[in-house]
Amino acid sequence: MLYRATSTHHRRTIARNRRRAAIPPLVAVGACAVWALFVDIAGTSEPQSLLPVFALVIVTLAVAGAATPLPLIEGAVPVRRQRQAMLVAVAASVPFVVALLVNPDRLAGGPAPLLADRVPIFGWLFDGVMSALPLAVDTPAYNLVFSAFTLFGFYLECVLVAVVLYAALRLIPSLDPDSREEGRPNRKR
């Protein structure tokens, strides 16, 4: 009987963890949808109205990107260190924000913009997909897909940075047995 109760509890915990792991990618999709709604679909182009939405979307994507691989270190490091690692992962996404903002201007009638200019790690892949799509440059459909790939690429870059950071953090406790005890009060050896 005890085995059955433990097994049921274990299944519920696994189901809860799966649902929790699905939240950050869904939040990222929601942030991309908000950006598409405000900019690409509604056609808002006034910089004053775009800045708060842009800041909200970028911060949301950076936090969701840092939270997506968080299950890699759950249980392996103390909660306090998990929170610190997540903050460091979000701060490590700042160079990718700079890459989004500082990119070459496009002259009217010039070549199509490159995603690799805005998304340094995965942009080349999305540029290949964009060139394969039958979309004309400067059409609403092209702009929508371009924005979606830009934001999705930024999110993937944030996830990649977090995975590297969390993998390193997971290795550190395995090398130093005393570091597992940090942040856990009154634990006997």
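The values are calculated or read from the model by the stated rules, or taken from the named source; none is laboratory data. This one's a predicted model, so the numbers in the text were calculated from it and none came from an experiment. Cβ sites come from the backbone with ideal geometry, for glycine too, and all protein chains shown count toward neighbours.
Yes or no: A66 at pLDDT 80 or above and under 14 Å from Y155 (Cβ atoms)? Before the answer, list the steps.
Values: at pLDDT 80 or above: yes; under 14 Å from Y155 (Cβ atoms): yes.
Yes: the conditions hold for A66.
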Kindly provide the set of residues from segment 72-83 that are part of a helix (DSSP H, G or I) and surrounded by 14 or more Cβ atoms within 10 Å (Cβ to Cβ), ordered by number. L72, R81, Q82
Residues (under 25 Å from A148 (Cβ atoms) and either in contact (Cβ under 8 Å) with a residue 40 or more places away in the chain or among the basic types (K, R) (or both)) located in segment 46-85: V57, I58, L61, A62, A64, G65, A66, A67, T68, P69, L70
Looking only at residues that are of a type in the set (V, I, T) and touching a helix residue (DSSP H, G or I) at 6+ places or on another chain (Cβ under 8 Å) in segment 84-106, which one is surrounded by the most Cβ atoms within 10 Å (Cβ to Cβ)? V90
Any idea which of (1) at pLDDT below 85; (2) surrounded by fewer than 15 Cβ atoms within 10 Å (Cβ to Cβ) is the one V129 doesn't satisfy? (1)
Got a number for residues in segment 128-163 being over 15 Å from L100 (Cβ atoms), over 13 Å from the mean Cα position of the chain (by Cα) and assigned to a helix (DSSP H, G or I)? 11
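Of all residues being modelled with pLDDT of 70 or more, assigned to a loop (DSSP other than H, G, I, E, B) and among the small types (G, A, S) in segment 93-116, which is nearest to D138 (Cα to Cα)? Just the residue, please. Outline the logic, then answer.
At the first step, the residues of segment 93-116 found to be modelled with pLDDT of 70 or more are 93-103, 111-116.
Checking which are assigned to a loop (DSSP other than H, G, I, E, B) leaves us with 93, 102-103, 111-114.
Remaining after also requiring among the small types (G, A, S): 93, 112.
On the way: S93: 29, A112: 8 Å.
Ranking the candidates gives A112 first.
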